[in-house]
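The values are calculated or read from the model by the stated rules, or taken from the named source; none is laboratory data. All figures in this text were calculated on a predicted structure; none of them were measured in a lab. Cβ atoms come from the backbone with ideal geometry, glycine included; neighbour counts cover every protein chain shown. Just so you know, the surface numbers come from the protein's heavy atoms only, side chains and all, with ligands and any DNA or RNA stripped out. Shrake-Rupley method; radii C 1.70, N 1.55, O 1.52, S 1.80 Å.
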Amino acid sequence: MRLLIFLLVLAACSPKEKLPENLLTLERLFSEPALSGGLVIEPRLSPDGKILTYLQRKSENERVLDLWAMDADGRNQRLFVDSDVLHNQSKGPELSLEEKALRERKRISHGGIISYFWSQDSKKILIPYRGQLFLYDIELGLSQLSSQACFDPKFSPSSRFVSCVRNYNLVIIDTQTKKTNQLTQMGSQLRPIGIAEFIAQEEMGRESGYWWSPDESHIAFTQTDNSVVEKVKRLEFYPKGLEVVEQRYPYAGSQNAKVDLLTVQVATQKIEKLPLPTESSDFYLPHIQWLPDKKNLRLSYQIQSRDQKKLEFWLYSLKEKKSQMILKEEDPAWVSVNHELKFNKDGSKAVWLSERDGYPHLYWLDLDSREVERLTLGSWSVSAVHRVDENHVYFSANKESPLENHFYRVLLTPPHEVQQLTAKEGWHTITMADQGRAYLDSHSTLEQPPELYLNTGEGETGVAVKPNSVDPNHPLFSFKKDFGQWQARVFKGKGYELHYRVLLPPHFDKKKRYPLIQFVYGGPGRQVVKNAWQDSKLFQQILAQQGYIVLEADNRGTPGRGRDFERAFHKALGSIEVRDQSEVLQHVLLHNKFIDPLRVGVYGHSYGGYLTLMLMLQKSDLYKVGVSVAPVVDWALYDTHYTERYLGLPRDNEDLYKNANVLSHSDKLKGDLLLVHGMADDNVLFSHSTQLYQKLQSLNKPFDIMVYPGSKHSLRESREIQKHHAQSILRFFQKNI
């Protein structure tokens with residue numbers, strides 16, 4: 001079978017030329033072992049920094065993960081928890097709807113152990129498994145803590161208790177006696193307690209709805225009233241039938257869920273509602289966090305206005321029963337939400353990330369005087385804040401290049417010297433231990449799959465946990481030498497620069513004429529052109545080996561380039577990215593005569609699917625073929641927080657919504673179009689595509705479709721689906737270019 005597929009791929013090669021000897025096939029791309037190597041998944045340091053834990057694929061089944069550990073010196077690597085043991089001991093509940101939805105949002109498709117949590121005393125690990133809870137004691141081993149369904153489990157600060165949401169209420173479980181105590185009684189399916197509302201999870205990065213106080217005496221929590229959100233019915237199509245799903249979905253311009261913020265006293269179960277100081281009941285609660293001071297319990301929360309132009313930072317004193325506004329951010333377009341707030345040890349000061357000076361930078365905020373001191377400055381962006389100690393703030397940023405991400409620290413005292421802590425070029429993703437200076441560094445480049453290093457102190461190179469060098473023993477080695485080469489370039493527009501890159505086929509001959517495929521995403525929050533490993537680039541190498549040139553670019557509106565660059569999307573969705581991507585393409589065609597301008601294709605998924613459609617329709621003379629996967633078609637059918645940030649309320653901006661609507665441009669379709677969608681997509685609903693089907697049919701426009709019964713937005717339910725999806729794209733390009 002594999003030989004047959006290999007021969008078919010060879011035969012279908014559109015450009016007639018000699019192919020590399022080691023052709024990477026789709027069959028191999030979606031087979032084991034993974035070409036990116038033995039990647040470490042969810043690596044974490046124990047709070048004391050002495051033990052590294054991580055999830056690793058089973059040798060006999062790469063789709064199933066076990067929990068492994070090693071000492072900080074790189075020795076004594078061992079299996080902590082075998083997921084087969086959990087499977088044999090578990091019984092009872094299946095995953096809740098909330099858990100299933102959260103997995104889809106996190107794009108989790110593997111099985112076995114998918115998450116785990118260290119206790120602050122570094123002695124225990126909490127492992128959720130199919131809704132049940134297991135406790136791994138470093139000295140005593142594995143035991144089951146609860147066989148009843150639990151959502152969003154957490155250790156209490158002392159590790160004495162584990163909390164979770166059960167039947168829409170907060171419960172705590174004593175880790176010693178395993179006795180359960182229900183703290184709230186008024187939660188229900190329509191008014192759940194401790195579960196982040198849909199918008200908070202999907203768009204604001206807040207996955208939880210409750211938080212322990214540092215002294216363990218209280219838990220702050222949200223209660224969400226979903227009854228005010230429009231109830232919609234949608235069909236999910238599965239291989240053996242249909243499922244009617246009722247969902248409270250806040251379409252753009254409609255009513256959001258109402259969210260209250262409360263506290264419960266653990267000992268007495270006394271509940272108090274915080275009087276949120278807002279003029280309107282229509283607002284967002286993007287971030288909630290306790291201050292670390294155990295003596296004077298204070299809870300911080302942030303309020304974002306419905307139009308997202310104002311963000312307020314408040315402190316609530318449990319002792320004084322009152323709130324105080326510490327800081328306000330305002331922007332004529334929108335104020336970006338982040339979760340990088342960090343307090344010093346006594347809770348007197350905080351590190352605040354703000355774009356007020358044009359780029360995301362760090363500010364040292366005195367909570368008593370409310371004075372603000374700037375810590376970093378420049379035409380670069382801070383992407384994450386890892387820790388604040390007595391002398392420094394540790395953070396990640398793209399200071400050296402917008403295509404790279406490095407680890408830094410800045411002195412809290414003037415002149416606020418910034419020191420770079422990572423040296424290798426590329427992309428560094430940092431995870432710091434809660435105590436001490438130990439940190440994990442996951443490093444990769446465009447050519448180098450991720451490697452994991454453990455650093456235990458300043459100036460040390462660190463222990464190579466997973467060096468992952470592409471040597472003769474690496475699964476990628478035999479293919480990589482016949483890969484095409486990426487060429488990084490910069491397009492200079494009027495007052496701005498766009499980064500793009502071109503992948504040339506192996507054995508490239510500039511005297512020949514090659515077809516080109518442009519890969520696009522182009523939406524907010526995602527950078528495509530960066531010096532980091534991305535598995536999707538392997539599929540692009542397959543296209544290059546088939547004789548296609550590949551182009552990708554980051555248009556204005558994408559992250560990492562500062563406030564003005566990102567705010568280009570303000571009231572310009574569906575136009576600014578179309579202009580930028582098409583101008584980069586025309587620039588590339590003009591300066592590279594070896595590209596055939598009559599054989600250009602475009603492909604994208606999610607926002608990239610939307611952009612693919614808009615390019616095919618608004619720039620129809622440039623693109624011969626397009627493949628659009630899971631596209632938004634009508635922004636009025638997408639959610640409030642995302643859509644209104646860029647287009648405002650539909651009732652106030654009818655023309656903007658009309659121009660950003662794919663259906664408004666459908667009559668301009670000229671080229672060959674393939675539309676792909678998962679038929680159980682709960683993010684970009686399948687109805688987006690069905691609307692477009694009907695519109696194109698009414699216009700008598702020919703197009704092709706590929707739908708996947710039971711598949712969600714990411715189309716990652718199985719290797720078979722992934723392989724079929726990739727094959728459909730490849731075959732469509734081969735047929736039509």
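The set of residues from segment 496-510 being closer than 14 Å to Gln546 by Cα and within 30 Å of the chain's Cα centre (by Cα) comprises Leu503, Leu504.
Only residues that are in a loop (DSSP other than H, G, I, E, B), open to solvent by 30 Å² or more (accessible area, probe 1.4 Å) and more than 21 Å from Gln485 (Cα to Cα) were counted across segment 421-461, and they come to 11.
Could you check segment 142-202 for strands (runs of 3 or more DSSP E) lying wholly inside it with 2 or more residues that are touching a residue at least 24 places away in the same chain (Cβ under 8 Å) and farther than 26 Å from Asp682 by Cβ? Quick ask: steps written out before the conclusion?
Numbers: elements: 151-155, 161-166, 169-174, 180-182.
So the answer is 161-166, 169-174.
Return a yes/no flag: does segment 585-600 have any residue that is open to solvent by 30 Å² or more (accessible area, probe 1.4 Å), over 20 Å from Arg489 (Cβ atoms) and under 26 Å from the mean Cα position of the chain (by Cα). For segment 585-600, residues open to solvent by 30 Å² or more (accessible area, probe 1.4 Å), over 20 Å from Arg489 (Cβ atoms) and under 26 Å from the mean Cα position of the chain (by Cα): absent. When segment 696-717 is filtered for residues that are in contact (Cβ under 8 Å) with a residue 60 or more places away in the chain and open to solvent by 30 Å² or more (accessible area, probe 1.4 Å), the ones remaining, listed by number, are Val707, Pro709, Lys712, Arg716, Glu717.
Quick one: how many residues across segment 601-644 are outside any strand (DSSP E or B) and touching a helix residue (DSSP H, G or I) at 6+ places or on another chain (Cβ under 8 Å)?
Going through segment 601-644, the residues outside any strand (DSSP E or B) turn out to be 606-624, 630-638, 640-644.
Adding the requirement that they be touching a helix residue (DSSP H, G or I) at 6+ places or on another chain (Cβ under 8 Å) leaves 610-611, 613-615, 617-620, 622-624, 630-637, 640-643.
Adding up the residues that qualify gives 24.
Residue-wise test of (1) surrounded by fewer than 20 Cβ atoms within 10 Å (Cβ to Cβ); (2) free of Cβ contacts under 8 Å to residues at least 12 places away in the same chain.
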{"position": "Ser336", "(1), (2)": "no, no"}
{"position": "Leu341", "(1), (2)": "yes, no"}
{"position": "Lys345", "(1), (2)": "yes, no"}
{"position": "Ala350", "(1), (2)": "no, no"}
{"position": "Arg356", "(1), (2)": "yes, no"}
{"position": "Trp364", "(1), (2)": "no, no"}
{"position": "Ser369", "(1), (2)": "yes, yes"}
{"position": "Arg374", "(1), (2)": "yes, no"}
{"position": "Ser379", "(1), (2)": "yes, no"}
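Scanning segment 517-535 for residues that are buried (at least 20 other Cβ atoms within 10 Å of the Cβ) and of a type in the set (Gly, Ala, Ser) yields Gly522, Gly523, Ala532.
In the set (1) modelled with pLDDT of 95 or more; (2) on the phi > 0 side of the Ramachandran plot, Ser156 fails one condition alone, (2). Pairing each residue of segment 633-658 that is within 22 Å of Gln694 (Cβ to Cβ) with any residue that is among the β-branched types (Val, Ile, Thr) and at pLDDT 95 or above, provided the two are 6+ apart or on different chains, yields C-beta distances under 8 Å for Val633/Val662; Asp634/Val662; Trp635/Thr643; Ala636/Thr643; Tyr638/Val632. Of the residues making up segment 41-61, those that are in a loop (DSSP other than H, G, I, E, B), modelled with pLDDT under 90 and open to solvent by 30 Å² or more (accessible area, probe 1.4 Å) number 3.
Restricting attention to segment 209-248 and to residues that are of a type in the set (D, E, K, R) and closer than 28 Å to Ile721 by Cα, the residue that is least open to solvent (accessible area, probe 1.4 Å) turns out to be Glu236.
The residues on offer are Asp482, Asp471, and the sole one that is over 30 Å from Asp554 (Cα atoms) and either over 29 Å from the mean Cα position of the chain (by Cα) or open to solvent by 60 Å² or more (accessible area, probe 1.4 Å) (or both) is Asp471. If you filter segment 145-160 down to residues that are under 31 Å from the mean Cα position of the chain (by Cα) and surrounded by fewer than 17 Cβ atoms within 10 Å (Cβ to Cβ), you find that the one that is farthest from Asp84 (Cα to Cα) is Ser158.
Just for segment 249-279: of the residues that are part of a loop (DSSP other than H, G, I, E, B) and open to solvent by 60 Å² or more (accessible area, probe 1.4 Å), which one is nearest to Asp215 (Cα to Cα)? Top of the filtered list is Ala267.
Can you find even one residue in segment 190-200 that is aromatic (Phe, Trp, Tyr) and more than 30 Å from Thr690 (Cα to Cα)? The answer is no; no qualifying residue exists. Any idea which of (1) open to solvent by 60 Å² or more (accessible area, probe 1.4 Å); (2) assigned to a loop (DSSP other than H, G, I, E, B); (3) modelled with pLDDT of 60 or more is the one Leu79 doesn't satisfy? Against the list (1) open to solvent by 60 Å² or more (accessible area, probe 1.4 Å); (2) assigned to a loop (DSSP other than H, G, I, E, B); (3) modelled with pLDDT of 60 or more, Leu79 comes up short only on (2). Here is the figure for segment 573-590: residues that are touching a residue at least 40 places away in the same chain (Cβ under 8 Å) and in contact with a Gly (Cβ under 8 Å, 6 or more places away or on another chain) total 4. If I ask for residues that are open to solvent by 20 Å² or more (accessible area, probe 1.4 Å) and either part of a loop (DSSP other than H, G, I, E, B) or among the hydrophobic types (A, V, I, L, M, F, W, C) (or both), which ones from segment 389-411 would you list? Answer for segment 389-411, where residues must be open to solvent by 20 Å² or more (accessible area, probe 1.4 Å) and either part of a loop (DSSP other than H, G, I, E, B) or among the hydrophobic types (A, V, I, L, M, F, W, C) (or both): Asp389, Glu390, Asn391, Lys399, Glu400, Ser401, Pro402, Leu403, Glu404, Leu411.
Going through segment 488-511 one residue at a time, which ones are of a type in the set (Lys, Arg) and open to solvent by 60 Å² or more (accessible area, probe 1.4 Å)? Hits for segment 488-511 are Arg489, Lys492, Lys494, Lys510, Lys511. State yes or no: is Ser396 over 23 Å from the mean Cα position of the chain (by Cα) and polar (S, T, N, Q)? Here the answer is no, as Ser396 does not meet what is asked.
Six or more apart or on different chains, Cβ atoms under 8 Å: show the pairs whose first residue is in segment 558-569 and over 14 Å from Asp580 (Cα atoms) and whose second is hydrophobic (A, V, I, L, M, F, W, C) and part of a loop (DSSP other than H, G, I, E, B). Once the first residue is over 14 Å from Asp580 (Cα atoms) and sits in segment 558-569, its partners that are hydrophobic (A, V, I, L, M, F, W, C) and part of a loop (DSSP other than H, G, I, E, B) give Arg567/Ala333; Arg567/Trp334.
Tyr514 satisfies every condition listed in (1) modelled with pLDDT of 95 or more; (2) over 27 Å from Phe732 (Cβ atoms); (3) buried (at least 19 other Cβ atoms within 10 Å of the Cβ) except (2).
This table checks each residue for (1) at pLDDT 95 or above; (2) of a type outside the set (A, V, I, L, M, F, W, C); (3) touching a strand residue (DSSP E or B) at 6+ places or on another chain (Cβ under 7 Å); (4) assigned to a loop (DSSP other than H, G, I, E, B).
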position: Arg651; (1), (2), (3), (4): yes, yes, no, no
position: Tyr657; (1), (2), (3), (4): yes, yes, no, no
position: Asp667; (1), (2), (3), (4): yes, yes, no, no
position: Asp681; (1), (2), (3), (4): no, yes, no, yes
position: Val684; (1), (2), (3), (4): no, no, no, yes
position: His688; (1), (2), (3), (4): yes, yes, no, no
position: Leu692; (1), (2), (3), (4): yes, no, yes, no
position: Lys695; (1), (2), (3), (4): yes, yes, no, no
position: Gln727; (1), (2), (3), (4): yes, yes, no, no
